[in-house]
Amino acid sequence: MRRRTAGGLAGARRRLPRLAAAACLGLCAAWAAVAGPDLARAGAADAGTVDAGIADAGAADAGVADAGAAYAGAAAVPVAAAAPLATGPVRHGTPPRIVTLAPNATELVYAAGAGADIVGTVLRSDYPPEARAIPRIGDGIQFSEETILTLRPTLVVGWLPSDGTRSLERRLAPLGVPLVYANPKSLDDIPALVRDLGDRLGTRAAADAAARGLERRIRALRPAPPPPQTVFIEISADPLYTLGRDPLTNDLLARCGGVNPYATHAIAAPQVSVESVLHLNPQVLIVSPYGRETLAARRAWWAQHGLPAALADRIYAVDPDQLHRPGPRLVDAAEAICADLRDSRTRP
């Protein structure tokens, strides 16, 4: 059994919003983690959503939440790949003063070479380590417009549109300050976003170097041998949540030789039943341990329920901050997951 993250993730719950009685945003729309890339509390639940794994049996899982609403605290709206980042005026000759509204936005700005120009961010922005010293303007779900305005930003970078960001946009528009969204839909969008930020912030050389490095690593991903393996991604244990219609994570899995059995689910981060997972019988489990939920504990739990993948030790752990934040470290998660799926081919 691979244990590369079981010990190191013991404190991850402190870094993630609670998931109990709430959906995860994946990225959990990552995914909000899944997690903005961050995981976030859901603003509403759909008690009547039918569990994708046993829909034909008429079983329903209560508490399913829209992933977009989870992070923003409001109804989500569709966002086109990385395109929104290219909109709005670029203010040349003005020293940048950047506010980021999500941890993945912070990581992308640092990758673009402009991390030192961030003057405000949200509570969960803790990577790279120097980001912890940035003043806080909210928790990622709620933020203070007045505090943001007093910081005199020249650019605000968010993840997903929400009622809160739209209100902020209206306050920023008369000042000529753009609010852009960094919402990648594929791994290839991540280096593209880094380049776009570099162009906007006057750090093109650093951003291009970082983007080229990410592109090389994405091209070098080594998938497991065919045929594709079904992969269940557990983003919360109690209640049990997974990733559904999340194009970014599903793109990652496809590049590694995997397929998400919940990929066609109506929402990005559905709550599912144990019976549904047993019915689907995924070949591989990927979990994001946090708090006391170590990899060994999750393997024992699923083995106790008779899941063949757990009994065969085809269960792996991945750092939730890497997997559920749609930024540069998602490439780290992709490399680890590709290695896991190759390893799973060696197990019965």
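No value in this document is a laboratory result; all are computed from the given coordinates. Since we're looking at a predicted model, the values are computed, not measured. Note that we place each Cβ from the backbone using ideal geometry, even for glycine, and neighbour counts take in every protein chain shown.
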Seminar exercise, completed: So, first residue within 15 Å of Leu280 (Cβ to Cβ) in region 236-250, second residue in a loop (DSSP other than H, G, I, E, B) and β-branched (Val, Ile, Thr), Cβ within less than 6 Å, six or more apart or across chains; the pairs are Leu240/Val272; Thr242/Val272; Gly244/Ile267
Exercise. Is it the case that region 183-193 has a residue that's basic (Lys, Arg) and part of a helix (DSSP H, G or I)?
Worked result: no
For this session: Check every one of the helices (runs of 4 or more DSSP H) wholly within region 241-348 and list those with 2 or more residues that are over 29 Å from Arg216 (Cα atoms).
Result: 274-280, 295-304, 308-311
Seminar exercise, completed: How many residues of region 191-209 are within 8 Å of Gly113 (Cβ to Cβ) and either under 20 Å from the mean Cα position of the chain (by Cα) or of a type in the set (Ser, Thr, Tyr) (or both)? The answer is 1
Problem set entry | Residue list for region 279-335, restricted to those being touching a helix residue (DSSP H, G or I) at 6+ places or on another chain (Cβ under 7 Å) and aromatic (Phe, Trp, Tyr) | Tyr290, Trp302, Tyr316
Exercise. For region 97-130, which residues satisfy the criterion of being small (Gly, Ala, Ser) and farther than 21 Å from Gly164 by Cβ?
Worked result: Ala111, Ala112, Gly113, Ala114, Gly115, Ala116
For this session: Name every residue in region 265-282 that is under 23 Å from the mean Cα position of the chain (by Cα) and farther than 14 Å from Ile235 by Cα, in order of residue number.
Result: His265, Ala266, Ile267, Pro282
For this session: Just need a number here: residues in region 292-302 that are surrounded by fewer than 20 Cβ atoms within 10 Å (Cβ to Cβ) and farther than 13 Å from Val274 by Cβ.
Result: 5
